[in-house]
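Q: Please read through the structure below; I'll follow up with questions.
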Amino acid sequence: MNINSTIAKTYIFSNKKLTAVAVLGVLLGMSVYIFMNSLLVGFDKSSNTSVFRNTSHIRVYKDDEISKVLVNDTNENYLIINPKVVPNNNTIINPKMILETILKQKEVTVAMPQINTNVFYNNGKSQIAGISVGIKPDEANLMYNIKSFMVEGDLDLLKSNPNGILIGSGISEKMNLAINDNLNLTSSKGISRTFKVVGIFKTNNSVTDKTKSYINLSASQQLLIQGDSYITDINVNVTDPEIAEKVAKKLTQITGYKAEGWKQANETLMATNKMRKMIITFVSLTILLVAGFGIYNILNMTVSQKINDIAILKAMGFKGKDVIRIFVTQAISIGIMGVIGGVIMATILITFLKRVYLGGDIGYFPIDYEPQKFVQGIVIGLVITFFAGYMPAKKAANVDPVDILRK
Amino acid sequence: MILKTENIDKFFHDPNEFQVLKNIEFDVKKGEFLSMIGKSGSGKSTLLYILSTMDTDYSGKLFIDNQLTTGLSKDHLAEIRNEKIGFVFQFHYLLAEFSCLWNVMIPALKLGKLCEKEIEQRAYQKLEILGLKDQALKPASKLSGGQQQRVAIARALINDPLIIMGDEPTGNLDSKNTDIVFDIFQNLTQNYGQTIIAVTHDEDFAKKSDRIIEMKDGEIVKNIHSR
Ligand SMILES: Nc1ncnc2c1ncn2[C@@H]1O[C@H](COP(=O)(O)OP(=O)(O)O)[C@@H](O)[C@H]1O
Ligand SMILES: [Mg+2]
């Protein structure tokens, strides 16, 4: 072993208490960092999962238009006072072709027309207002992973039964509905129709479960007294939700219809996530930094204590960089011990919390071992330790042995 | 010529400007035992630290082993010290957490010319010369003052330096230990051809050495060969 490392090792082990305090600091900082950031990922994942049960990555629809000047090839200035939304109908013209164009994009995984209809669910005397979503079962399953939150019945029955309906568990409880029961729907156009319950789902979002149902696309069109070319929305999923906004921009250009990414459609949720991310990042980094200060302080103390040693080592021919190595080695060793301890501690914490059942919309504590956060924590921890050690080491390297030895 | 100075001047600027060394010019031959005496504050330590290459803030020239060291980089000077110069101070400056043996080994491990086993053997030899072989594995902090000073001397000898410099190396020792250290130094110069430059307050010590340089107010006032 190199003499610099030997000296570093001796200093570490000769002052076990100080070393232990510094290691403990890093250990705590490290475990809190990994833990909190894994929790953050967990929160985001669980919030995204529940978002994507109801929302596609991109929604393509016809936007309302504001009345515009019709003549634009004159020098005259036309002024429209009090512009109004043009009373256009908001259907997508030639939806088949648009759908094909969208599906040709390589980022797109699923695209599906969808019609959301406001309805009343009627069963005997009880009535609930809600939304019935007209879908194509296979595509919808790919998009929302509906089968994963079915509690009874089967989504595929919707295909064979044009009058089938999938209802939320809240509706089923409130109206006392079971599989194969009949349920009457009244649309905003006044059309009334009876459906047969073929499945019940539970998303853990209580509002959704109390209001939402899935029916066939054609049934939706009939409820609205429209033909089978009546499409208001095309929903699109892409390979990675993070690129949704980018692809949406492209789709707007290609199709001429408004395409909106899920982040834009869920601005409040995104803002909440962002705030949570900022707070957790700030707090966890601060804690790591405090651990860094611990190392800095303790090494500063060691340097002051060992100032005579440093002077005689330099007199005997140790260079500035040797002295730096001695103290940085010390810092890094403390860092490595702390990081290892921190990783173990974080793993234990996560293992424990993963099993805690919270209930409600959340279920189990939304945390998992996030390898990326572990790596991030380890890297940041070691970088901070390095600098926390480097500063006192630099000071030690600049000690002028003459000043010390002549006293 | 193992060491030579040409017209060395040094100033301190703090708290006020004053010239601490004036036109220092002398040389030292290989195997000489040289004592430096003079009243307190006459500049002996200041001169010794310049000769040691640790203090580079001076004007004039310093040659060690026929090499001009003035103006060399700090790292280069560190290498020269490691290989060619051994130090003994009034205080021992041993590393408290290491055994005597390790303290002696450290400069040789730094030099890196021999493997650890060989260095250990050499360190035992040096400790034996200084009568400390049985103390080798004790922590340095557990020894008496005289023993610690002898360990420091063993450490100064480990790389067989050309020159051993001492700033009042016997300043903290009783007369018995002072005699032991003197005999070791004399033995080194006479039998191993090593050179000693020692600042001392001890008249007897100085008188027994080969040459005395006396300093006064930053100048060399006497340069006496006693033998
Ligand atoms: N760092 C310093 N700054 C200013 N003056 C100093 C410094 N070190 C020593 N001196 C002064 O230089 C003179 C010589 O000091 P020194 O070489 O230690 O003398 P000696 O070793 O002969 O007793 C003294 O007057 C001392 O006060
Ligand atoms: Mg002095």
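Q: Express the relative contact order of the stretch A:134-216 as a whole percentage, based on alpha carbon pairs under 8 Å and six or more residues apart in sequence.
A: Numbers: 148 pairs, mean separation 33.7, N = 83.
Rounded, it is 41 percent for the stretch A:134-216.
Q: Relative contact order, percent, of the stretch B:1-105 when contacts are C-alpha pairs under 8 Å separated by at least 6 residues? Can you show the working numbers first?
A: Values: 121 pairs, mean separation 28.2, N = 105.
Across the stretch B:1-105, relative contact order equals 27 percent.
Q: Out of all DSSP beta bridges in the protein assembly as shown, what portion is antiparallel? Express it as a percent rounded to 5. Please list the in-between numbers first.
A: Working: 61 of 90 bridges.
Expressed as a percentage, antiparallel bridges in the protein assembly as shown total about 70.
Q: Within 10 Å, count the other beta carbons around each residue, average over each peptide in A:314-323, B:135-144, and list them highest first.
A: Values: A:314-323: 22.0, B:135-144: 15.7.
Result, highest mean Cβ count within 10 Å first: A:314-323, B:135-144.
Q: How do A:Thr351, B:Thr53 stack up against each other in accessible area, from largest to smallest, with a 1.4 angstrom probe?
A: Details: A:Thr351 40, B:Thr53 5 Å².
The ranking, largest first, comes out as A:Thr351, B:Thr53.
Q: A further question follows. Could you pull out the longest piece of chain B with no exposed loop GluC sites (Glu not before Pro) in it, calling a site exposed if DSSP puts it outside H, G, I, E, B and it has at most 15 other Cβ atoms within 10 Å? Let's see the in-between values first.
A: Values: sites that count: B:Glu17, B:Glu25.
Here the longest segment lacking exposed loop sites spans B:26-227.
Q: Please compute the average number of Cβ atoms from other chains found within 10 Å of each residue's Cβ in peptide B:81-90.
A: The mean count of partner-chain Cβ atoms within 10 Å per residue comes to 3.
Q: Further question on the same structure: Where the Cα atoms of the stretch B:3-225 are projected onto their three principal axes, how long is each span, largest first, in whole Å?
A: So the three principal-axis extents are 48, 38, 37 Å.
Q: Okay, moving on. For B:Leu48, what accessible area in Å² do you get when you roll a 1.4 Å probe over the heavy atoms of the protein chains, rounding to the nearest 10?
A: Solvent-accessible area, nearest 10 Å²: 10 Å².
Q: Also, I was wondering about something else. Relative to the longest principal Cα axis of chain B, at what angle does helix B:116-129 sit, 0 to 90 degrees, rounded to 10?
A: 80
Q: Averaged over its residues, how many other protein chain Cβ atoms are within 10 Å of peptide A:314-325's Cβ atoms?
A: Numbers: counts 4, 14, 16, 17, 6, 9, 3, 2, 3, 0, 0, 0.
For peptide A:314-325, the averaged partner shielding equals 6.
Q: Per residue of B:67-76, what is the mean number of Cβ atoms on other protein chains within 10 angstrom of that residue's Cβ? Write down the numbers at each step before the final one.
A: Values: counts 0, 0, 0, 0, 0, 0, 1, 3, 5, 1.
Counting other chains' Cβ atoms within 10 Å and averaging over B:67-76 gives 1.
Q: With only Lys, Arg, Asp and Glu charged, each at its Cβ (+1 for the first two, -1 for the last two), find how big the charge dipole of the protein assembly as shown is about the Cα centre; round to the nearest 20 debye. The partial results should precede the final answer.
A: Working: 71 positive and 62 negative charges, 234 e Å.
With only Lys, Arg, Asp and Glu charged at Cβ, the dipole is about 1120 debye.
Q: Next question. Note down the relative contact order for chain A as a percent, whole number, built from C-alpha pairs under 8 angstrom at least six residues apart.
A: Details: 670 pairs, mean separation 108.3, N = 407.
Contact order relative to length: 27 percent.
Q: For a quick protection proxy, order the peptides A:371-378, A:24-31 by their average other-Cβ count within 10 Å, most packed first. Kindly include the intermediate steps, with their values, before the conclusion.
A: Numbers: A:371-378: 16.5, A:24-31: 24.5.
Taking the mean over residues of other Cβ atoms within 10 Å, the ranking is A:24-31, A:371-378.
Q: A further question on this structure: Can you put A:Tyr214, B:Tyr124 in order of accessible area, largest first, using a 1.4 Å probe? Can you show the working numbers first?
A: Numbers: A:Tyr214 5, B:Tyr124 60 Å².
From most accessible down to least: B:Tyr124, A:Tyr214.
Q: Where does helix A:320-354 land angle-wise versus the long Cα axis of chain A, in degrees 0 to 90, nearest 10?
A: 40
Q: Given the rule -39500 (n - 2.57) for each run of at least 4 DSSP H residues, summed and divided by the residues of chain B, what is its mean residue ellipticity at 222 nm, to the nearest 500 deg cm²/dmol? Working shown, then result.
A: Details: 7 runs with 82 residues, N = 227.
Rounded to the nearest 500, it is -11000 deg cm²/dmol.
Q: Run the Debye formula on the Cα coordinates of the stretch A:80-181, all scatterers equal and no solvent, and tell me log10 I(q)/I(0) at q = 0.10, 0.16, 0.20 1/Å.
A: Debye curve over Cα of the stretch A:80-181, log10 I(q)/I(0) at q = 0.10, 0.16, 0.20 Å⁻¹: -0.44, -0.89, -1.15.
Q: A further question on this structure: Let me check I have the definition right: for the stretch A:87-262, take the eigenvalues of the Cα gyration tensor, multiply each by 5, take square roots. What are those semi-axes in whole Å, largest first? Mind dumping the intermediate values first?
A: Values: eigenvalues 171, 69, 37 Å².
Over the Cα atoms of the stretch A:87-262, the ellipsoid semi-axes are 29, 19, 14 Å.
Q: While we're here: With axes computed from alpha carbons, what is the tilt in degrees of helix A:267-305 against the longest principal axis of chain A, rounded to the nearest 10 within 0 to 90?
A: Once rounded, one gets 10 degrees.
Q: If one computes the Cα centroid of the stretch A:225-279 and of the stretch A:10-38, what distance in Å separates the two points?
A: 45
The values are calculated or read from the model by the stated rules, or taken from the named source; none is laboratory data. Just so you know, these numbers come straight off a predicted model, no measurement behind them. Neighbour counts are summed over all protein chains in view; Cβ atoms, including those assigned to glycine, are modelled from backbone coordinates with ideal geometry. Please note that ligands, DNA and RNA were not included when accessible areas were found on the heavy atoms of the full protein model with its side chains. Shrake-Rupley method; radii C 1.70, N 1.55, O 1.52, S 1.80 Å.
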